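What follows is one structure encoded as structure tokens, with my remarks underneath.
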Amino acid sequence: MDEFDRLLYQSSVPAPPDLPEPPKPWKRSMGFICWGLAFISITLNFLSLDLILPAVGTALLWLGLRPLRQENGGFRFAYLCATAYALLHMTTIVLLATPLDQFLTSLRNADWHTTSGSVSLHLVLRACLLQFLLTLAVGGLWQGLKGVFVRVGQSPRTAAAGGLVVFEALLLPMALIGLEGWLLVGPVLLVWLLLIFNLRTISASLDEVGYALSPAPVRLSAGPAFGLWLGVPLLAILLLPLLFSRLPVNSQTEVRVPGGDLPLREELLELGFPEDILSRLTDDEVSRFDGAYGLTVKGYPLSSGDFPDGIPGTVVLEVPVQDARYGFHVVYLACLFWEAEEAGGYMEGIKITSDHHGVTVRTTCPQGTLNWTDGGVLHTAPIRFRFRSDGSWLPSYFADFSLPKTAGGRMEGYVFWEAMPTFPELQILFNYSLTAAHRLSPWQYPYTLPSDVLLANRFGPEWRSRCWIYTGQLAPEGEYDSAGY
């Protein structure tokens, strides 16, 4: 090194160290808010993401607004609405895992009709309340951001937040109408993505103007708070369905006394009534066939290997009887048989559509009993049916029950209903059906009864089902032909 270079080196000043990046207090909160709105609004219907993503989004939205709640009234209002939204969302998730949600729906048994189908009015009102709270939260965010820009003496750059308020408000009528299809939803989704992206840039603008954010004090840090908001609903989804995987079997079962020496039993045997079934009926049940003048047996005999897991073997008997009021009517008896290994199953469902034409026959609500042996004693429990309309106004009846855990052998169900002719002078043929459903898995979310699945006619992998369709006959004595149809 020469003298000149040495002098230059001695006179040089060390370069200043790299300055740390200036703090960006708004970036974290606005990031939580934007991701929260994204997870709430966009859901994926696989791997339970339709449940997990909204729960994550709800927690993130609340965490993003929590530090801002003392900045101004707009943020405080948004935080309160986000808290109410999170509490209602969590309550909804817990209720959907229990029979209580079904009970609340039954208090106001009405449907809301959309272009994509009918939805329970109870679910519609709850969804509207959630969306309304979310819209108010976004509205409070918009006003809070405007207040911040005014405080630093700049014109508000909050068009994206205002657009999100309009977007969230428009989701209410879109949902009530039942808007579907990518050609309609796609442009709306694109606009929403642009609004979220522009909202994210607002935090950069606030950091550039140097607005000092003083986060509100909190008792729980972001991690534990996020775990609380997310953990409670996830635990409800995982555990509560297991607690309600079965329906209670009537504990006040009475001892069943089949058999008897009614002369009517001999008459039914002469008509071709299966003796093994007749021997299992009580005298009260046999008396339903008093005045019988014909009989048709369908589906008998059956072997248990003919049906998928949990589906009972089925025999249906059609017995026309004399009737002083109508001249005659027809008594139907559906006999259901479950093997011993099905004892303690999760849920069973039966749907009976007693007349597919819907206008030619008057029918009664089915009545049934479930019979099993426990410790050598024959017991019975009722199978209760109720009418539910699927929009077609067909006379369909549904029953939900579980098989007992203590059955020591084959379980049997006997279901009776009657059909009366609308025009007694005519011989009428009509179609009726019986559908059985069986739930294979103890876990199912949301809580769903077999009748709900049968009504919607949508069976997932956790269900087994089978439908039997038969032709029935209404004809007075002398015209009834058991072999002619």
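The values are calculated or read from the model by the stated rules, or taken from the named source; none is laboratory data. Quick caveat, the model's predicted, so the values are computed rather than measured. Cβ placement follows ideal geometry from the backbone for every residue including glycine, while neighbour counts extend to all protein chains displayed.
So the values come out like this:
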item	result
In segment 136-155, residue farthest from C34 (Cα to Cα) [restricted to those that are assigned to a helix (DSSP H, G or I), among the aliphatic types (A, V, I, L, M) and more than 34 Å from the chain's Cα centre (by Cα)]	V150
Lone qualifier among V152, V138, V165, V148 - being touching a Gly at 6+ places or on another chain (Cβ under 6 Å) and under 21 Å from M30 (Cα atoms)	V165
Members of segment 37-71 found to be polar (S, T, N, Q) and in a helix (DSSP H, G or I), listed by number	S41, T58
Residue count for segment 89-120, restricted to those that are aliphatic (A, V, I, L, M), surrounded by 15 or more Cβ atoms within 10 Å (Cβ to Cβ) and modelled with pLDDT under 90	1
Flag for T98 being β-branched (V, I, T), assigned by TED's automatic domain parsing to the domain that holds L234 and closer than 26 Å to M174 by Cα	no
Number of positions in segment 156-168 that are outside any loop (DSSP other than H, G, I, E, B) and either among the aromatic types (F, W, Y) or buried (at least 17 other Cβ atoms within 10 Å of the Cβ) (or both)	8
Identity of the residue in segment 395-430, part of a strand (DSSP E or B) and more than 30 Å from the chain's Cα centre (by Cα), that ends up surrounded by the most Cβ atoms within 10 Å (Cβ to Cβ)	A419
Residue match in segment 27-34 (condition: among the basic types (K, R) and either loosely packed, with under 14 Cβ neighbours inside 10 Å or modelled with pLDDT under 90 (or both))	yes
Enumeration of residues in segment 460-485 that are among the hydrophobic types (A, V, I, L, M, F, W, C) and surrounded by 14 or more Cβ atoms within 10 Å (Cβ to Cβ)	W463, W468, L474, A475
Number of positions in segment 354-384 that are assigned to a loop (DSSP other than H, G, I, E, B) and touching a strand residue (DSSP E or B) at 6+ places or on another chain (Cβ under 6 Å)	8
Subset of segment 331-362 (residues that are in contact with a helix residue (DSSP H, G or I) (Cβ under 7 Å, 6 or more places away or on another chain) and among the charged types (D, E, K, R))	E339, E348, K351
Leading residue by the ranking (modelled with the highest pLDDT) among those in segment 181-224 that are farther than 20 Å from G162 by Cα and polar (S, T, N, Q)	S221
